[in-house]
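What follows is a set of notes on a single structure, which appears directly below.
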Amino acid sequence: MMLKKILAIFFGLAFLSFVAVQYNDPDPTVWMVIYGAAAILCFLAAFNKVPHAILWIAVILCVAGGIYMWPEKYEGLSVGGGDIKNIEEAREALGLLMIAVIFGGFILADKYSQRSRSAAELAQKRKWA
């Protein structure tokens, strides 16, 4: 669980830095809210204060948004590599998919931890039975 806490705080700080660099985006408010919400959920996940249902909803919305935002033609992520509209859409889609993967990882980590705890409790009961 300690690894999850460290990663959640790390990703929360990373998403806060993403918020900071959105000022020059064509639609900064939308992405500041998205990355800000992702940061808050990361910090809450670090201390097990967010229900899995909320993380699942975020995963589903981010996957759907990533698919919807995916550019018609993928031309990479760096400016100068193609049409700026396609590059911007690819960055936005990948940002959403990254959030989905991270939150999915938090859910899996919690499930694994619960399973490990249950197995340890069962082993302890068998030891004393």
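The values are calculated or read from the model by the stated rules, or taken from the named source; none is laboratory data. This is a predicted model, so every value here is computed, not measured. In this analysis, Cβ positions are derived from the backbone assuming ideal geometry, glycine residues included, and neighbour counts consider all displayed protein chains. The accessibility values were calculated without ligands, DNA or RNA, using every heavy atom of the protein model including side chains. Shrake-Rupley method; radii C 1.70, N 1.55, O 1.52, S 1.80 Å.
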Exercise. For the range 51-79, which residues satisfy the criterion of being more than 25 Å from residue 21 (Cβ to Cβ) and β-branched (Val, Ile, Thr)?
Worked result: 54, 57, 60
Exercise. Does at least one position in the range 73-91 carry a residue that is modelled with pLDDT of 95 or more and open to solvent by 40 Å² or more (accessible area, probe 1.4 Å)?
Worked result: no
Seminar exercise, completed: Picked from the range 38-56 (must be touching a Phe, Trp or Tyr at 6+ places or on another chain (Cβ under 9 Å) and free of Cβ contacts under 8 Å to residues at least 12 places away in the same chain), the residue most open to solvent (accessible area, probe 1.4 Å) is 49
Exercise. Any idea which of 59, 21, 101, 30 is under 13 Å from the mean Cα position of the chain (by Cα), open to solvent by 60 Å² or more (accessible area, probe 1.4 Å) and without any contact (Cβ under 8 Å) to a residue 60 or more places away in the chain?
Worked result: 101
Problem set entry | Checking residue 67 against (1) assigned to a helix (DSSP H, G or I); (2) out of contact with any Gly (no Cβ under 7 Å at 6 or more places or on another chain); (3) surrounded by 14 or more Cβ atoms within 10 Å (Cβ to Cβ), the condition it does not meet | (3)
